[in-house]
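Comments concern the structure below.
What follows is calculated from the coordinates using simple rules that are stated; it is not laboratory data. These figures come from a predicted structure and were not determined experimentally. Cβ placement follows ideal geometry from the backbone for every residue including glycine, while neighbour counts extend to all protein chains displayed.
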Amino acid sequence: MFSSLKIRNYRLFATGQVVSNTGTWMQRIAQDWLVLTLTGSASAVGITIALQFLPMLLFGLYGGVLADRLPKRPLLLATQSAMALTGIALAVLTLTGEVQVWHVYLTAFLLGLVTVVDNPARQTFVAEMVGPDQLGNAVSLNSANFQSARLVGPAVAGVLITAVGSGYAFLFNGLSFLAPIASLLLMRTADLHKVERAPRGKGQLREGLRYVSSRPELIWPIVLIGFVGTFGFNFPIWLTAFVHDVYDSGASTYGLLNTLMAVGSLAGALLAARRATSRLRILVGAAVLFGALEIVAALAPEFWIFALLMVLVGMFGLTVNVTANSSIQMATDPAVRGRVMSLFMMVFVGGTPLGGPLFGWITDAYGPRVGLALGGAISLAAALGVGLLLARSGGLRLKVDLRRGHKHLAFVPKQREESLTAAV
């Protein structure tokens, strides 16, 4: 489960990331709650999220081109430093009492611009630290790292917001980037696996898109993650609305729900780290369960039922993300991995500028239960559709066998099924 941590460079990277990720989660909670406090509107929270991820939608593929061309360690030093400055700027505005909602909008957009380059560079730098044999394990542990921080960050942010306000959560986030910067500086560059960088040239963006479009094992998981990310991952909107409108509670309850989701997400990441391979059937099955659980959670009559379901939603949502991420990375040529992963992240988080305001409006107009149920229904339908398309492209068909002791539903090769029919 933890085999890639034996590698010194990756161990340094993971240590720095857990500190930075804790600060990131603190800022996310504080940012969402600050916007809701300033405006009283779930739509405003949706706009904030949309602005943070809009640059990924607009420029995400260009970030992948830069990640393929440039040395990733110096690139990450620059992006992590810039992200630190955005957190400190928002902290100063909030602590001095000058913060307005447009300040939050602006810093969210600037953070999104930096993330356009940081995300594909950070995703693909993992392969340089651990090599191809440990790539799947390291990708899963990255997600476990992120979710471990999510266990601590929301809880600490809820206490800080209640006690002294949002400003100190922003300050902690800005300072937390010192840890990954230090880890990058301490790495042994001689131990990094050499990856051929793409030379500067025309048509590299189109080359990456053609590469993905010609491979069903890449394009359909990316399509699925796009639907799930756009319509099923609007939790800042739904959870703030459930806490504020349904359960009439405060920031500490919002932090609790995020922490419970993190418990499930961490479990999903660790289970993924145990698996030697990332199969597409696991991706589709997890997406089906994720969508179905969101629908059930939307109908939960009591808070404690809703809270427990968030653990399961977190577990299967993270399984979808990790399985898609690792399967795509391992199926991709290293020379185009930055562009492929930028496309993956573009459709996963870049759909938020579309889904965020839409579901913010639906949540304001029809209530959080309708918004969450609709997001789950769209995710479920997308998972079923992509599952059938993947089976078709892989030459499989669904076999139904209702006899006792037999697997009732299974995908089997078409030729095998046809030969069995002929034999009968």
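What are the ³J(HN,Hα) values, in whole Hz, obtained from phi via the Karplus relation 6.51 cos²θ - 1.76 cosθ + 1.60 with θ = phi - 60°, for each residue of the stretch 98-106 in sequence order, with x given for Gly and Pro?
So the Karplus estimates, Gly and Pro as x, are 9, 5, 10, 4, 5, 4, 5, 4, 5 Hz.
Counting other C-beta atoms within 10 Å, which of His193, His103 has the fewest, and how do the rest follow?
His193, His103
How large is log10 I(q)/I(0) at q = 0.18, 0.19, 0.24, 0.26 Å⁻¹ when the Debye formula is applied to the Cα atoms of the stretch 228-291, each weighted equally and without solvent?
For the stretch 228-291 at q = 0.18, 0.19, 0.24, 0.26 Å⁻¹, log10 I(q)/I(0) is -0.80, -0.85, -1.08, -1.15.
In percent, how large is the relative contact order of the chain, given Cα pairs closer than 8 Å and 6 or more residues apart?
The value is 27 percent.
Please list the equivalent ellipsoid semi-axes of the stretch 35-150, computed as the square roots of five times the alpha-carbon gyration tensor eigenvalues, in descending order and whole angstrom.
Each semi-axis is the square root of five times an eigenvalue, giving 30, 16, 14 Å.
For the stretch 99-162 and the stretch 292-311, write down the distance between their C-alpha centroids in whole Å.
Answer, in whole Å: 26.
Give the span of the chain's Cα atoms along each principal axis, as three whole-Å numbers ordered largest to smallest.
80, 57, 39
Which longest run of the chain has no exposed loop site in it, a site being trypsin sites (Lys or Arg not before Pro) in a DSSP loop with at most 12 other beta carbons within 10 Å, and the site itself not part of the run?
1-187
What residue among Thr162, Thr79, Thr332 has the largest mean-square fluctuation in a Gaussian network model of the chain, using Cα springs under 10 Å?
The residue with the greatest mean-square fluctuation here is Thr162.
Not counting the cut sites, what is the longest span of the chain without GluC sites (Glu not before Pro) that DSSP labels loop and that have at most 16 other Cβ atoms within 10 Å?
The answer is 303-424.
Rounded to two decimals, what ratio of Rg to Rh does the stretch 1-75 give with C-alpha atoms and a Kirkwood Rh?
Using Cα coordinates only, the ratio equals 1.12.
Looking at the stretch 117-196 from every direction and averaging, what is the projected area of its Cα convex hull in nm²?
With the hull built on Cα positions only, its mean projection is 6.5 nm².
From Cα pairs below 8 angstrom and at least 6 apart in sequence, can you work out the relative contact order of the stretch 6-137, rounded to a whole percent?
Working: 93 pairs, mean separation 49.5, N = 132.
After rounding, I find 37 percent.
Can you sort Leu358, Leu271 by how many other beta carbons sit within 10 Å, fewest first?
Values: Leu358 20, Leu271 17.
In increasing order of surrounding Cβ atoms, one gets Leu271, Leu358.
Please give the direction-averaged projected area of the C-alpha convex hull for the stretch 298-388, in square nanometres with one decimal.
7.2
For a Förster distance of 60 Å, can you work out the FRET efficiency between the beta-carbons of Leu384 and Ala190, rounded to the nearest 0.05?
On the way: r = 49 Å, r/R0 = 0.81.
With R0 = 60 Å, the Cβ-Cβ based efficiency is 0.80.
GNM on the chain, C-alpha springs below 10 Å: top fluctuator among Leu76, Leu95, Leu54?
Highest fluctuation among the options: Leu95.
If you average 1/r over every pair of different alpha-carbon atoms in the stretch 241-392 and take one over that average, what Kirkwood value in Å do you get?
16.6
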